[in-house]
Amino acid sequence: MHARTVTVRGDPKAVEDGVAFLRDRVMPAVEGLPGYVGLSMLADRDSGRCIATTSWADEAAMSATGEQLRPLRARFAQILGGPPELQSWEIAVLHRVHEAPDGACTRVTWLRTDPDRVEQVLDAYRLSLLPRLEEMDGFCSASLLVDRWEGRGAGSVTYADRESLERSRTDATAVREEFAAAMGSRILEVAEFDLVLAHLRVPETA
């Protein structure tokens with residue numbers, strides 16, 4: 001499975017308008033497209049940074065919709081008030097214990113590793129990191145998106161509420177840094193978001 005992310009660093013005051021546009025305009029437009037398996041949106045209401053993700057059954061389905069959805073991406077960015085940053089990924093791991101409730105929050109970690117070591121990183125993520133994440137209070141789900149050619153990854157962990165996310169920070173930092181060091185990976189950024197839309201039919205891959 002594959003995913004396309006659109007990141008916009010926009011105006012915090014425009015976040016709710018961006019959510020409404022995705023829910024009322026984008027979702028109906030993509031629901032009937034071949035290979036579509038879901039849409040989600042993360043938002044930092046303080047900074048205005050938003051990440052919208054569409055998920056697809058395979059790379060061909062994702063690629064086939066690129067031009068068709070361009071006007072919607074442009075309008076989404078215009079509403080939020082910032083330029084769109086587009087990235088394509090493989091959904092390498094998805095593990096869901098609970099559906100994310102209203103008020104759920106997500107921590108995203110971006111990392112880079114040697115492209116030749118991506119498969120090794122994925123195996124270690126599934127076997128050693130996921131069980132430790134799952135033990136954390138409020139854990140709902142985790143996913144790892146990768147670009148194998150570039151050696152890039154984006155790992156997301158969703159918690160039931162803001163309080164659980166905040167309580168997990170110390171342990172999550174220790175686990176994350178230990179994992180990166182063991183894998184020879186470099187952590188590029190860590191950010192926290194509200195999970196404002198989660199309409200996913202992506203099956204488990206872990």
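Okay, here's what the table says:
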read-out	value
Qualifying positions in the stretch 18-39 - open to solvent by 20 Å² or more (accessible area, probe 1.4 Å), of a type in the set (Gly, Ala, Ser) and not in a helix (DSSP H, G or I)	Gly32, Gly35
Meets criteria (under 18 Å from Met27 (Cβ atoms) and either surrounded by fewer than 19 Cβ atoms within 10 Å (Cβ to Cβ) or touching a strand residue (DSSP E or B) at 6+ places or on another chain (Cβ under 6 Å) (or both)) for Ala92	no
Test set (1) in contact with a Leu (Cβ under 7 Å, 6 or more places away or on another chain); (2) part of a strand (DSSP E or B) - Gln87 fails condition number	(1)
Every residue from the stretch 95-121 that is under 16 Å from the mean Cα position of the chain (by Cα), open to solvent by less than 70 Å² (accessible area, probe 1.4 Å) and within 19 Å of Ala191 (Cβ to Cβ)	Ala100, Ala104, Cys105, Thr106, Arg107, Val108, Thr109, Trp110, Leu111
Subset of the stretch 46-67 [open to solvent by 20 Å² or more (accessible area, probe 1.4 Å) and in a loop (DSSP other than H, G, I, E, B)]	Asp46, Ser47, Ala57, Asp58, Glu67
So Ser164, is it surrounded by fewer than 20 Cβ atoms within 10 Å (Cβ to Cβ) and either within 30 Å of Gly18 (Cβ to Cβ) or hydrophobic (A, V, I, L, M, F, W, C) (or both)	yes
Count of residues meeting criterion [open to solvent by 70 Å² or more (accessible area, probe 1.4 Å) and not acidic (Asp, Glu)] in the stretch 122-161	5
Near pairs, Cβ below 7 angstrom, 6+ apart or cross-chain, from the stretch 66-91 (under 14 Å from Ser55 (Cα atoms) and among the polar types (S, T, N, Q)) to any residue that is modelled with pLDDT of 95 or more and assigned to a strand (DSSP E or B)	Gln87/Thr5; Ser88/His2; Ser88/Arg4
Flag if Glu189 is of a type in the set (Asp, Glu) and modelled with pLDDT under 95	no
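The values are calculated or read from the model by the stated rules, or taken from the named source; none is laboratory data. This is a predicted model, so every value here is computed, not measured. Note: ideal-geometry Cβ built from the backbone for every residue, glycine included; neighbour counts use all protein chains shown. With ligands, DNA and RNA removed, areas are computed over all heavy atoms of the protein, side chains included. Shrake-Rupley method; radii C 1.70, N 1.55, O 1.52, S 1.80 Å.
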